[in-house]
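Participant: Just dropping this structure here.
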Amino acid sequence: MRARVPAAAVSLATGAVAWELIGRLAGVSFFPPLSTVAVRLAEMAAAGEILQSVADSLVNLLIGFTISLVAGLLVGVAMGRYRKVEAALGVYVYALLTAPALVFAPIFFSLLGDGRGSIIAVVVMYATFVIIINTASAIQSVPAHLVEMARSYGASERQVLLRVLLPAATPMIMAGVRLGVGRAVTGMINGEMFIAVVGFGHIVTEAGGRFDSASVLAVLLVIIAVALGAVWLVQAVDRRLTGWVPQTSRGSQ
Amino acid sequence: MIEIRGLSKSFVGQDGGRVQALSDVDLDVAENEFLTVLGPSGCGKTTLLKAVAGLVPVDSGEIVVDGTKVRGPGPDRAMVFQNFALLPWATVLDNVAFGLELRGVGRAERQERARALIAMVGLAGFETKRPAELSGGMQQRVGIARALAVQPRVLLMDEPFGAVDEQTRRLLQEELLSIWEESRLTVVFITHSMEEAVLLGDRVVLMSARPGQIAEIVPVPLERPRARSLERSGKYAEITAYLWDRLRDMHEEHRAAR
């Protein structure tokens, strides 16, 4: 047997080689090869531009995503459990899920100014609704016989929610949370590019204005790293919470 | 122990019309009695059991358990479900202790009681397993232990062995008989098997469908404690044959009515 190489490493290496080759062969200024981008990234990091931006952006992401998570879980559980809440809020949630969140940027800008608040609001707009919808469907798809069982043993509504519905719905809720993290990162970048020009968005906007593709792609690399890190974190939490799901049904989720 | 008077229940069917699940049902269950309820599907036997459990509101009539009118689930009754209804994320120990946990019994005490019942149903050593790691028969043993853990006066069993294979079903029937001999609970046991109804029951309640009504109550004058060898007795054969005749008539009436 050959030594096992992790699939993710092979995939990354293949992507890097392809980028390098296409970049060199194409020879266009808007798509520099990976090596050029890497050199530029090292220069930016050495100049201290990256670290401060990472810190700025991560704070926006963290606050925005935390708000999305709390709001998404609360509204999602209420919509999944209570038909009246779903009837009242469903139309708004679906409308806002599909509406391009950036449309609201001018509103946030005028209400919250050009600071952190507006960016966080954009992150929340991006991430919350997918979490709400997944949480609501997760709660609705909990087998009715589990709720009936709990009620037969005298469970209160609170016990039904906390001891049965939430744990049973966790695998599907976490799927929504993973999607939410991805959207929160998108929201963070868009917010930083179009409202308050700070963090990564600031660098991307400036470099883009100078047609400095190497810088834009260098920042993109960092952003991808941040996004993958966030998703990895969520997956680690997911594994802890849903270790009980049998492997056979895990694959079909 | 259980008095059911004039119980009626209807609900909205899939086609939007009202389905009469139970119509004017009267039934008494004696203390320590093992009552089996038999009938074609759609005769409302599960609805009847859930009404006694306090899980479904009724349209009219009343159910009195041990002198108290049923208004909802209560600690005097515990239910065993056809599909086991175990919490897939919880261990055997936590599943068995779940009813006690809901009632606010402290961790140490509920685990001690759960362990004793796990041993009683023959699952000692499986305390830390999760339901997906168990066979159907073992899962229903967990379901029975969970019901017994809350020390009910009445055990309500909804086709508890309907989802397990024939051999396991036979073993579970024998184990249930010996548990009942010792505990002498009042049991209401829903089944669609004539053999099971006769082997287990002191009386068999025969229900007919559309609307769900009690067609007949058949006493089972077989000695206790009961053993599998009863199946070779003439009396056993006679009662199961009679029940099948009645059930076949019901099926034919139903077909003619359509």
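Participant: Roughly what % antiparallel, to the nearest 5, for the DSSP beta bridges in the protein assembly as shown?
Facilitator: Looking only at bridges with both residues in the protein assembly as shown, the antiparallel portion is about 55 percent.
Participant: Mind putting together the pair-distance distribution for chain B? All Cα pairs, 10 Å bins, whole percent per bin, short to long.
Facilitator: In order of increasing distance, the bins hold 7, 29, 35, 22, 6, 0 percent.
Participant: From the phi angles alone, apply the Karplus equation (6.51, -1.76, 1.60; θ = phi - 60°) to the range A:54-67 and give each ³J(HN,Hα) in whole Hz, x where the residue is Gly or Pro.
Facilitator: Result, ordered by residue: 4, 4, 4, 5, 5, 4, 4, 5, 5, 5, x, 5, 4, 4 Hz.
Participant: Hey, what's the Kirkwood Rh for the range B:86-151 if you take every pair of different alpha carbons, in angstrom?
Facilitator: Numbers: mean 1/r = 0.0891 Å⁻¹.
Answer for the range B:86-151: a Kirkwood hydrodynamic radius of 11.2 Å.
Participant: Taking N as the number of residues in the range A:40-240, what value does Rg over Cα atoms divided by 2.2 N^0.38 Å take?
Facilitator: 1.19
Participant: Per DSSP helix of 4 or more residues, -39500 (n - 2.57); summed, then divided by the residues of chain A. What does that give at 222 nm, rounded to the nearest 500?
Facilitator: My calculation for chain A gives -26500 deg cm²/dmol from helical runs alone.
Participant: Still on this model: Report relative contact order for the range A:40-240 in percent, whole number only (criteria: Cα-Cα under 8 Å, sequence separation at least 6).
Facilitator: 28
Participant: On to the next question. I'd like the distance between the alpha-carbon centres of the range B:130-170 and the range B:73-111, rounded to an integer number of Å.
Facilitator: Going from one Cα centre to the other spans 12 Å.
Participant: For A:Asp114, what charge total do you get from the other residues with a beta carbon under 15 Å from its beta carbon, if Lys and Arg give +1 and Asp and Glu give -1?
Facilitator: On the way: positive: A:Arg116; negative: A:Asp56, A:Glu192.
Here the count lands on -1.
Participant: Also, quick follow-up: Relative contact order for the range B:1-87: what is it in percent, counting Cα pairs under 8 Å that are at least 6 residues apart?
Facilitator: Numbers: 124 pairs, mean separation 28.3, N = 87.
Relative contact order for the range B:1-87 comes out at 32 percent.
Participant: Using alpha carbons only, how many angstrom separate the centre of the range A:75-129 from the centre of the range B:221-244?
Facilitator: 67
Participant: Using a cut-off of 14 Å between beta-carbons, work out the net charge of the residues near A:Leu233 (Lys and Arg +1, Asp and Glu -1, A:Leu233 not included).
Facilitator: Numbers: positive: A:Arg178, A:Arg239, A:Arg240; negative: A:Asp238.
Counting the neighbours of A:Leu233, the net charge comes to +2.
Participant: On to the next question. If I take every Cα pair under 8 Å that is 6 or more residues apart in chain B, average their sequence separation and divide by the length, what percent do I get for the relative contact order? The partial results should precede the final answer.
Facilitator: Working: 479 pairs, mean separation 67.4, N = 258.
With pairs under 8 Å counted, the relative contact order is 26 percent.
Participant: Separate question: Rounded to whole Hz and in sequence order, give me ³J(HN,Hα) for the range B:177-189 from the Karplus expression 6.51 cos²θ - 1.76 cosθ + 1.60, θ = phi - 60°, writing x for Gly and Pro.
Facilitator: Along the range B:177-189, the couplings run 4, 6, 4, 5, 4, 7, 8, 6, 6, 8, 10, 10, 10 Hz.
Participant: Between rounded, prolate and oblate, where does the range B:159-215 land on the alpha carbon gyration tensor, with a ≥ b ≥ c its root eigenvalues, rounded for a/c under 1.5, else prolate if a/b exceeds b/c?
Facilitator: Oblate shape, in that a/c is at least 1.5 and b/c is the bigger or equal ratio.
Participant: Something else about it: Are there GluC sites (Glu not before Pro) in the range B:7-85 that DSSP puts in a loop and that have at most 13 other Cβ atoms within 10 Å, and which ones?
Facilitator: On the way: sites: B:Glu31, B:Glu33, B:Glu62; in loops: B:Glu31, B:Glu33.
Here the GluC sites (Glu not before Pro) that fit, given the DSSP loop and packing criteria, are B:Glu31.
Participant: For the protein assembly as shown, what size does the Cα cloud have along each of its three principal axes, sorted from largest down, in whole Å?
Facilitator: Answer, in whole Å and largest first: 97, 58, 51 Å.
Participant: Same structure again: Along Cα→Cβ, 7 Å out, is where each label goes; now give me the distance between the ones at A:Ala26 and A:Ala236 in nm to one decimal.
Facilitator: 3.5
Participant: Once you average over the residues of A:33-45, how many Cβ atoms of partner chains fall within 10 Å of each Cβ?
Facilitator: Values: counts 0, 0, 0, 0, 0, 0, 0, 0, 0, 0, 0, 0, 0.
What the average comes to for A:33-45 is 0.
Only the coordinates and a few stated rules stand behind these numbers; no lab work does. Since we're looking at a predicted model, the values are computed, not measured. In this analysis, Cβ positions are derived from the backbone assuming ideal geometry, glycine residues included, and neighbour counts consider all displayed protein chains.
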